[in-house]
1. Taking the Cβ-Cβ separation of residue A:364 and residue B:132 as r and a Förster radius of 35 Å, what is the calculated FRET efficiency to the nearest 0.05?
2. Would you tell me the accessible area of residue A:302, worked out with a 1.4 angstrom probe on the heavy atoms of the protein chains, in Å² to the nearest 10?
3. Taking both sides together, what accessible area is buried at the B/A interface, probe 1.4 Å, expressed in Å² and rounded to the nearest 100?
4. Once you put a point 7 Å from the Cα of residue A:414 and another 7 Å from the Cα of residue B:374, both along the Cβ direction, what distance in nm separates them?
5. Evaluate the charge dipole of chain B about its Cα centre and quote only its size in Debye, nearest 20, assuming +1 on the Cβ of each Lys and Arg and -1 on the Cβ of each Asp and Glu.
6. Could you tell me what a quarter of the Cα convex hull surface of the protein assembly as shown works out to, in nm² with one decimal place?
7. For residue B:312, go 7 angstrom from Cα along the Cα-to-Cβ vector, then report the distances to that same point in the other copies in nm, smallest first.
8. Rounded, prolate or oblate: which fits segment B:248-402, taking a ≥ b ≥ c as square roots of the Cα gyration tensor eigenvalues, rounded meaning a/c under 1.5, else prolate when a/b beats b/c?
There are 2 protein chains.
Amino acid sequence: IAKEVAKLLEMKAQLGGDEGKPKFVLKTPKGTRDYGPKQMAIRERVFSAIISCFKRHGAEVIDTPVFELKETLTGKYGEDSKLIYDLKDQGGELLSLRYDLTVPFARYLAMNKITNIKRYHIAKVYRRDNPAMTRGRYREFYQCDFDIAGQFDPMIPDAECLKIVHEILSDLQLGDFVIKVNDRRILDGMFAVCGVPDSKFRTICSSVDKLDKVPWEEVRSEMVGEKGLSPEAADRIGEYVQLHGGLDLIERLLQDPKLSQNKLAKEGLGDMKLLFEYLTLFGITGKISFDLSLARGLDYYTGVIFEAVLLQQENEHVEELVGVGSVAGGGRYDGLVGMFDPKGRKVPCVGVSIGIERIFSILEQRLEASEEKIRTTETQVLVASAQKKLLEERLKLISELWDAGIKAEMLYKKNPKLLNQLQYCEDSGIPLVAIVGEQELKDGVVKLRIVATREEVNIRRESLVEEIRTRTSQP
Amino acid sequence: IAKEVAKLLEMKAQLGGDEGKPKFVLKTPKGTRDYGPKQMAIRERVFSAIISCFKRHGAEVIDTPVFELKETLTGKYGEDSKLIYDLKDQGGELLSLRYDLTVPFARYLAMNKITNIKRYHIAKVYRRDNPAMTRGRYREFYQCDFDIAGQFDPMIPDAECLKIVHEILSDLQLGDFVIKVNDRRILDGMFAVCGVPDSKFRTICSSVDKLDKVPWEEVRSEMVGEKGLSPEAADRIGEYVQLHGGLDLIERLLQDPKLSQNKLAKEGLGDMKLLFEYLTLFGITGKISFDLSLARGLDYYTGVIFEAVLLQQENEHVEELVGVGSVAGGGRYDGLVGMFDPKGRKVPCVGVSIGIERIFSILEQRLEASEEKIRTTETQVLVASAQKKLLEERLKLISELWDAGIKAEMLYKKNPKLLNQLQYCEDSGIPLVAIVGEQELKDGVVKLRIVATREEVNIRRESLVEEIRTRTSQP
């Protein structure tokens, strides 16, 4: 038997090479996607709104490599570090794909000894997370970050970050939203006065972070059951984290007999009051909620934290607004740059990150529902011919138009049918057709057809560029 | 002794933990760099010129993930495959960073069964090459690709690609340039009639490819010495590859007793003639050189190939123009999409890639030499105050300006000195200062200072936005 098996295995090995190449899998990697022309049109619209806001606030722009030395990312993301993509060791340095834009920014500041900058950075980041693509959660996704680095007077840059979130979300018309604000110092102070042991601050903080998704009862049982917090401490936290409001709440907590005794909480509340004063001057407190349940995941925050949430109006009762997810977030991180500086010199920073993928998803779904036709090119005119043997004339004319800066196309056929040329304009939204024909060539004119009205006018060749410009200029 | 050593080792181990963390290396990965605000300003200028050309030619835009399944890239780049960056196997799919934008484009077409598209794609690609950063050769670098896919009449899209290169290089004012053109079919035909054995086509082709860097004698000795070609065959090739010219040369080769007998060469020369006719209509043959020494490295080309080279005028003798390197290249690749299609269906493609990094290097060096001051923000006005205790008034005014779409900044200080505020404008090129003071507030005006002239005018608050717009509108 052993002999026979050996024979068969040998035969199989010989045949192996002829089994044909394995079936080729035609796909993008898990959690990623291509952007086709339609998605790109939406993407560019959103980027343009965001970039013009960042520029309105005087930001410069920088870019960093897609990968960093592995050690640059080490120890910055807590337990999320397991989601970092590493590159294969092919000799040389060990590299990882960037996980966010904040750590590369801090590395950039420390490396170039920059202590003062206001910059934005729009680029893709990478997380080996569980993708949920219909809800806009990808493994490769864009972040749009605006940060202010430098030693300044309290809460002025922080207030500007919130103003920026307000401007962008208003501008994009995504519907009603609220920006929740809290401060890491208030949270830490609150944990202290509730009797949470220092060693449990972080894990209790991450329980609190879940309050936007699960009810208090569940969070409480996690704290007590899994994390071993005393029921009394949990109940005390429960009283605080259900609070949200505005200046009135800040004033009340400043009088709170326990919190007001805690140095960190007092500092945080004082700054929160200042922040609200500035936001009042900006006229945006209507959308801001001081919310003691906001905790945010990342380790590096040290002061103000915030998160913008879109609200979905279920029915007329405003009370039943339901959050449909975070679309922007950020906060103050005064210690991160110091982690990179050889002498530990600190550069205080505050910044905001716009969660662009969720916004794309919403706008894509909305566009599909609306059946609005979206143009994916900007072509102003199709150069066409009514008869055969006019390829040379079309080439000459289109070249003239290109050289004059007109956006022009032609069909790549020697003798296209006029009907096909007109159909192409219908399909791709080109508003004008410049038709060359034998008679027009003799007369020194071009027939200009307006696709929408089917009107046709003869234009002298030397006036054609001006005529196209006038007819396609944006109002 | 052994005992003592053991003791010492134990002591060392105990001390190990206290030796402090290893010195942190503060750098970007080898062959990569950050783009600071100044570099970004140049980058955006160049991109804007290129994108507006691509749009002028009616291109849509797409984007693909930065990594692909490893097998997508396998077998597409010949021996350059060793330069591909692989990701670490962390479970799940095996991934590699994209090496160019052409293979992902072909994968995108096959996956979405697209047989007809004109698109551009601007994104970073990755090669584990030997970097030469001062000359613009990086491991992470941008490619700007424009491609036309579809079954069309011969040479019309090919001619448009060359027109695009001509437009972009003229527009960027990089100095004199020449676009070399050849055809893979002419090369293959030439090798055949010169007596190169089929099996040596590719390796001899890559020897020919070196002719832009080393003299013919060296290339010849590589062919004969290293690659075992007969001296006679090498000499015959030598006669051909030193030829370059225009339509006249094409006509001469069409009459060449040997080449005219070769089917491939004849096809290639016929199409080359057609191409030159179209380029004549575009008025660009002055910068086009049909050059039999142009070979290009990549495996996937099947027809026309081209490469644009900047010329550096050493002195008045035009004969002594010296190439300073390729800034654009491309060609026809009719077989690549078929490699991805399960049924092998072909989609003919032709495209061009702009070598943007070398262009950045040139413009960066030129800018540094010129001492031209480049602005890195677009801020129109700084909101300033002449006295103390006016932070609230500055915040109110700047908020009004932002809401009106004015690009405005302020210093993040409670009581900044006027001199510091004016200095900030000088440093960052902000042209206007809106100064609030107690008297101005009473009078309902704002003092507008023109930084360049030091002129100051009082503007009624309700006219301020309009005044700033007028004074900062581009002519």
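The values are calculated or read from the model by the stated rules, or taken from the named source; none is laboratory data. In this text the structure is predicted, and so the values were computed from the model without any measurement. No Cβ is skipped: glycine too gets one built from the backbone with ideal geometry, and neighbour counts run over all protein chains shown. SASA here: full protein model, heavy atoms, side chains in, ligands and nucleic acids out. Shrake-Rupley method; radii C 1.70, N 1.55, O 1.52, S 1.80 Å.
1. Numbers: r = 42 Å, r/R0 = 1.21.
Plugging the Cβ-Cβ distance into 1/(1 + (r/R0)^6) gives 0.25.
2. Only protein atoms counted, so the area is about 60 Å².
3. 8200
4. 4.8
5. For chain B, the charge dipole is close to 1620 debye.
6. If I average the Cα hull's projected area over directions, I get 56.6 nm².
7. 6.1
8. prolate
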